[in-house]
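Written out below as structure tokens is the structure these notes cover.
The values are calculated or read from the model by the stated rules, or taken from the named source; none is laboratory data. Just so we're clear, the structure is a prediction, and the values are computed from it rather than from any experiment. Don't worry about glycine lacking a Cβ; one is built from the backbone with ideal geometry, like all the others, and counts go over all protein chains shown. The accessibility values were calculated without ligands, DNA or RNA, using every heavy atom of the protein model including side chains. Shrake-Rupley method; radii C 1.70, N 1.55, O 1.52, S 1.80 Å.
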Amino acid sequence: MYWNEKIECMSREDMTALQNERLAAQVKHVYDNVPYYRDLMDKKGVKPEDIKTIDDLHKLPFISKADLRDAYPYGMLAVPLKDCVRIHSTSGTTGKRVVAFYTQDDLDLWEDCVARALTAAGATSDDVVQVCYGYGLFTGGAGLDGGSHKVGCLTLPMSSGNTERQIQFMRDLGATILCCTPSYAAYIGETLHEMGLSPADIKLKAGIFGAEPWTNEMRRQIEELLGIKAYDIYGLTETSGPGVAFECPEQSGMHINEDNFIPEIIDPDTGEVLPEGSKGELVFTSITKKAFPLLRYRTRDICVLSKGKCSCGRTLIKMTKPMGRSDDMMIIRGINVFPSQIEAVLISSGYTPNYQIVVDRVNNTDTFDVLLERPAEALDYEIPKREKALASALKTMLGITPKVHLVAPKSIARSEGKAVRVIDKRKLHD
Ligand code: ADP
Ligand code: ZN
């Protein structure tokens, strides 16, 4: 049930003591070895001696994605390059890629975090883990693969794509745990049924899905399609990769591996630290990584932290599912809209998670279109009525009315990695 019970169930007092000790050492390591961050600290007038406990964390400067792009490729490296054994890079979802470096110890720590996630989802050395996250520079494949080896599972390093072959292997080799993005899990589930198969024909019991936002509505749909329990996993290349936080069987938020990453929630506009329970931007300080140890890294992911007791027995703080990145948020006719809000409405109205949001500006007014696939059984005459009902359900959720288009089944591209949900043509015009 636990991969590392001592850490995962540690008292708050002991966790704070551990974090204090690791934080002080890490700040010194970064100050001594990363001139870029030393300059930021000097400008703010902070010295390593000023950071004694986690209560001093707020004195440190933030690091943003822009800093990482400035410092590309070696500017944030804190050990000699010859001590590094691996490089990964972000998916580049929101712009130029960032590269991250790992020593062998960093890889071990990362795999340990992923092993905790797999164990929380029920994995043991008896399991067969099918990894269909992309392998390569992306952290998804390598991260889940490493964690799976650590737990001693039989690992199928499939990478993404070739969905029918994925299902063939899943059946032939009796995969019990599936790891991929939630949008790809939905696609695999859809394909399984199209092949005339059902969950009874496969041995999967659990799935570990992350790397992109997904709603609880989408979770239920995947669970039903594949006959599994679906667990969320969160992470980002800048903090190593997936496994920074993971879900336990309670499925109500992800436990953060706080012995490695100290989380904070800030107001994204002012940078002010917000009290526990507030919604804001998640910031991480890595206190164990050596090659690429970011202090107060602004993730741009929006969520809430809570320290409440969890039924699984873990005491690690939990983060809610990020509702999207601050830069996923669209402002349409002056109203803030997140794709995840739209997804929740579409799926709870009985549609599949194949949708696309198109925003444009025509004659100085924003246009807002939601495309989704009509169900195969829907009759032509029902379509306008269905579109109207969806538009009004979306209006209730968002406060503005989109134009809804039910398009032909299969006409929206399926995703094998991170799904592209939004096409904002206004950005293309700028
Ligand atoms: P990129 O930022 O280019 O996509 P990464 O592959 O490192 O590069 O992706 C990390 C980001 O993916 C996170 O900052 C977050 O926005 C998103 N993400 C990862 N896991 C989850 C998850 N479980 N739920 C929602 N978003 C997630
Ligand atoms: Zn729990």
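Among the residues of the range 84-97, is there at least one that is among the polar types (S, T, N, Q), in contact with a Gly (Cβ under 9 Å, 6 or more places away or on another chain) and open to solvent by 30 Å² or more (accessible area, probe 1.4 Å)?
Checked against the condition, which is being among the polar types (S, T, N, Q), in contact with a Gly (Cβ under 9 Å, 6 or more places away or on another chain) and open to solvent by 30 Å² or more (accessible area, probe 1.4 Å), the range 84-97 yields at least one hit.
Where the second residue is among the acidic types (Asp, Glu) and more than 9 Å from ligand 1 (Cβ to nearest atom) and the first is touching a residue at least 24 places away in the same chain (Cβ under 8 Å) and lies in the range 238-252, which pairs have Cβ atoms under 7 Å and are six or more apart or on separate chains?
Correct list of pairs: SER240/ASP106.
Kindly provide the set of residues from the range 156-196 that are among the polar types (S, T, N, Q) and surrounded by fewer than 21 Cβ atoms within 10 Å (Cβ to Cβ), ordered by number.
Residues satisfying the conditions are SER159, ASN162, THR163, GLN168, THR191.
Return yes when ASP42 is more than 28 Å from THR181 (Cβ to Cβ) and open to solvent by 70 Å² or more (accessible area, probe 1.4 Å) and no when it is not.
No: the conditions fail for ASP42.
Would you check if GLU416 is more than 21 Å from TRP214 (Cβ to Cβ), open to solvent by 40 Å² or more (accessible area, probe 1.4 Å) and not assigned by TED's automatic domain parsing to the domain that holds SER159?
It is false that GLU416 is more than 21 Å from TRP214 (Cβ to Cβ), open to solvent by 40 Å² or more (accessible area, probe 1.4 Å) and not assigned by TED's automatic domain parsing to the domain that holds SER159.
Can you name the residue in the range 313-322 that is under 16 Å from the mean Cα position of the chain (by Cα) and buried (at least 20 other Cβ atoms within 10 Å of the Cβ) and is also nearest to ligand 2 (Cβ to nearest atom) among such residues?
The selected residue is LYS318.
Name the residues in the range 38-77 that are of a type in the set (Ser, Thr, Tyr) and over 26 Å from the mean Cα position of the chain (by Cα), would you?
THR53
Would you say PRO275 is more than 26 Å from TYR102 (Cα to Cα), within 15 Å of ligand 1 (Cβ to nearest atom) and not in a strand (DSSP E or B)?
no
Pull out all pairs, ordered by first then second residue, where Cβ-Cβ is under 6 Å, the residues are six or more apart or on different chains, the first lies in the range 104-133 and is touching a residue at least 40 places away in the same chain (Cβ under 8 Å), and the second is part of a helix (DSSP H, G or I) and of a type in the set (Val, Ile, Thr).
The qualifying pairs are ALA115/VAL151; LEU118/VAL151; ALA123/VAL151.
Quick check: anything in the range 63-76 over 25 Å from GLY271 (Cα atoms), surrounded by fewer than 18 Cβ atoms within 10 Å (Cβ to Cβ) and touching a residue at least 12 places away in the same chain (Cβ under 8 Å)?
yes
Picking from CYS303, CYS310, which residue would you name as being open to solvent by less than 10 Å² (accessible area, probe 1.4 Å), assigned to a strand (DSSP E or B) and not polar (S, T, N, Q)?
Result: CYS303 is the single residue among CYS303, CYS310 that is open to solvent by less than 10 Å² (accessible area, probe 1.4 Å), assigned to a strand (DSSP E or B) and not polar (S, T, N, Q).
Six or more apart or on different chains, Cβ under 6 Å: which pairs go from a residue in the range 368-380 that's in contact (Cβ under 8 Å) with a residue 40 or more places away in the chain and in the same structural domain as ASN336 (by TED's automatic domain parsing) to one that's assigned to a loop (DSSP other than H, G, I, E, B) and of a type in the set (Lys, Arg)? Could you list them?
none
Is the range 109-121 home to any residue that is assigned to a loop (DSSP other than H, G, I, E, B) and either assigned by TED's automatic domain parsing to the domain that holds ARG165 or modelled with pLDDT under 95 (or both)?
The answer is yes, given that some residue of the range 109-121 is assigned to a loop (DSSP other than H, G, I, E, B) and either assigned by TED's automatic domain parsing to the domain that holds ARG165 or modelled with pLDDT under 95 (or both).
Filter the range 25-37 down to the residues that are closer than 11 Å to GLU49 by Cα and buried (at least 18 other Cβ atoms within 10 Å of the Cβ) and list them by number.
Within the range 25-37, VAL27, TYR31 qualify.
Scan the range 12-20 and tell me whether some residue there is in contact with a Gly (Cβ under 9 Å, 6 or more places away or on another chain) and modelled with pLDDT of 95 or more.
no
For residues in the range 238-253 being open to solvent by 10 Å² or more (accessible area, probe 1.4 Å) and touching a helix residue (DSSP H, G or I) at 6+ places or on another chain (Cβ under 9 Å), which is nearest to ligand 2 (Cβ to nearest atom)?
PRO249
So, in the range 259-272, of the ones that are surrounded by fewer than 21 Cβ atoms within 10 Å (Cβ to Cβ) and under 23 Å from ASP14 (Cβ atoms), which residue ends up farthest from ligand 2 (Cβ to nearest atom)?
GLU264
Enumerate the strands (runs of 3 or more DSSP E) found wholly within the range 326-388, keeping only those where 3 or more residues are surrounded by 17 or more Cβ atoms within 10 Å (Cβ to Cβ) and of a type outside the set (A, V, I, L, M).
Fully inside the range 326-388 and qualifying: 365-373.
For the range 278-292, state whether one or more residues are within 16 Å of ligand 2 (Cβ to nearest atom) and of a type in the set (S, T, N, Q).
Scanning the range 278-292, I find no residue that is within 16 Å of ligand 2 (Cβ to nearest atom) and of a type in the set (S, T, N, Q), so the answer is no.
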